[in-house]
1. Express in nm, to one decimal, how much length is gained between H519 and E228 on full extension, taking 0.36 nm for each residue of separation and deducting their alpha carbon distance.
2. Classify the chain from the C-alpha gyration tensor, please: rounded if a/c falls under 1.5, else prolate or oblate depending on whether a/b exceeds b/c.
3. With the cut-off at 20 Å, tell me which of the pairs K79/K404; K205/K236; K7/K501; K323/K417; K39/K79 have Cα atoms farther apart than that.
4. Using just the helices of the chain, give the 222 nm mean residue ellipticity in deg cm²/dmol: DSSP H runs with n ≥ 4 each add -39,500 (n - 2.57), and the total is spread over all residues, rounded to 500.
5. Magnitude of the Cβ-charge dipole of the chain, K/R +1 and D/E -1, about the Cα centre, nearest 20 debye?
6. Suppose each label sits 7 Å from its Cα in the direction of the beta carbon; what would the N86-E144 distance come out to in nanometres?
7. I'd like the distance separating the alpha-carbon centroids of the range 366-390 and the range 231-291, in whole Å.
8. Looking at the chain, what % of its DSSP beta bridges pair antiparallel, to the nearest 5?
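The values are calculated or read from the model by the stated rules, or taken from the named source; none is laboratory data. Keep in mind the model is a prediction, meaning the values are calculated, not measured. Note: ideal-geometry Cβ built from the backbone for every residue, glycine included; neighbour counts use all protein chains shown. Only protein heavy atoms, including side chains, enter the accessible area calculation; ligands, DNA and RNA are left aside. Shrake-Rupley method; radii C 1.70, N 1.55, O 1.52, S 1.80 Å.
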Amino acid sequence: MSLDLNKDVIEEIRHRNDIADIIRSCGVQLQRSGSNSLKGLCPFHQEKTPSFHVDTSRQSFHCFGCGKGGDVFRFFMDKENLDFINAAQILAARGGVLIPEKHDGRQEDPSKRSERDRMFAINAEFSNFFCRYLRDNPRSPAGEYLARRNIPRDVAEKFRIGAVPDSWTACRDYGRSLGFTDADMITAGILRQKEDTGTVYDQFKGRLAFTIENEQGKPVGFSARSLEAKPLDGRKYVNTPETPVFRKGHLLYALPHARQGIGRLKKAILCEGQLDAIAFHRAGIDCAVAPLGTAFTPDQARIIRRYSSNLILAFDADSAGKKAVLRAAEILLPLSVDLKILQIPGGKDPDELFANGGAAAMEQAIQNTINWMDILRETLPEKFDMSSPVGRSQAAAFVASFLKLVSNQVELEVYVKSAAKMLEISENAMNIELGNAMRNTQFHAPEKEKVPVKLQTTKKTSADTALATLLELASTDSNIGRAIAEAVPPEYIPGNTTLEKALNMTINAALNDEMDSLHSDLQNLLIESPCPIVSKILAFPAVFQENDRMRAMQDAVAELTAQKRKENESDLLSKMRSAATPEEKMKILMELQGTNR
């Protein structure tokens, strides 16, 4: 079974995802620079002057600094370091596009799958195994725990909550029966191996298992809760370790169930735990997600921002919860997120609130959210002496350390006004403190260096220039495309580079009257083979006057012909120097004379 990502589906995904929206959701600030043009600082290299441009009419981007460019797929792949399949699945989910599946009816040999595919298969099988075990054993400790928490069976099945047999070998034996190796199950985190003895045993023995799914809804791991008052190993929760498909800081619990709700309700809710997120969904507020027992990460923030710019934090109201709110604010402010905080009476968590007050209490809490700066204000007296000038100055510097993270100028102006009022100082004084904070900011390298995409064409030759000119002309005028087909021998455009492939596609489109689909076809080409020359042409093609088009084509053809002749001469001269017999040399000499005619 595989995904059927045909041309129609790819085009529908592209149509449903506006490139400017996707780029902004990844934290890039764009400003209008023309009727259909936006610009901003490139997210792929460091720069002070914007060279990153987006053409909204062509749904293309191109950076004149580093050369990256393409369509919404290419941007998302490069920005989030994803392959095409994963990027397409995420964008499809965001745009509400269903990708059909192919079924060939054959059973695949597990040993012949790639490592990632084996990990996906193992997690899917054990998610089913754990859910089935819970369903068949309702009086097990896990079943009784869910009953006490009033989690009905249909909710457990929807969120794929299961139970792990209280045995050291049940998972190992089950996995072996399906053809999985111990080594793969250890890599997937289902099994563990003792370092001293090499003994292999079940990782989640006797625990309640929450299935963790990736953005595409595939099981990738588990968060397993102990059902003992005092676990022998001292761990209340055991998560799947880092695997080829499971990275805690890149995943959010319940996201596949929340995507549609986020779109419908125009907001997302971030909870601290799985049961809190489930409580919101049970209340009909199906836009809640949760991290996996770790601090909120920048990657999780970018994931949420793809779906909505409105976020509610449903954290505890204690001191630790306030610190978590401010840490989250530091991550979210650069992404232009409207951040609100849920206030639950009595310090209860969302799961308790739903258990005691039902959906109405949850809705009321949503209506009574406060701004994140209210939490900031509450922490100031705990940190500084607000009755003294020095303490108030220190508080202003602390507030400025947050505001300097805001990249949108309109948002920043609003925040400055709120901060000045909160500190009881003038806006001018707050702006001065903000300026000091910005000047004192030191550059910090990103947490993880993006692996640069290797571009095929890094140095533009004369032949490349001629080919680029022909592509620019032919892509906007089918008559030019047909003229190029007559004037240029096919061997001059062999299709070895992305630029040559693009020109061949354009010529074929002109000859076959298929120009309507050309732009999409060229964008699809860039998904597979990034090329700065082609991406620039697609985003910002040169404008030729009608009277100059044929002359420009003739000049480009002449340049291309001259370059190809030079290349042929060079090749023939090299062959002549290595020719073994006089006859071979004479034959090559005749070819040389033919190229000079």
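1. Numbers: separation 291, 0.36 × 291 = 104.76 nm, distance 6.05 nm.
Taking 0.36 nm per residue and subtracting the Cα distance, the gain is 98.7 nm.
2. Details: a/c = 2.47, a/b = 1.50, b/c = 1.65.
It comes out oblate by the Cα gyration axes.
3. Working: K79/K404 24 Å; K205/K236 13 Å; K7/K501 18 Å; K323/K417 23 Å; K39/K79 17 Å.
Cα-Cα > 20 Å for K79/K404; K323/K417; rest within.
4. Numbers: 25 runs with 311 residues, N = 597.
Computed mean residue ellipticity for the chain: -16500 deg cm²/dmol.
5. On the way: 77 positive and 79 negative charges, 195 e Å.
That gives a dipole near 940 debye.
6. 4.2
7. Centre-to-centre distance over Cα atoms comes out at 28 Å.
8. Working: 32 of 42 bridges.
Bridges in the chain are about 75 percent antiparallel.
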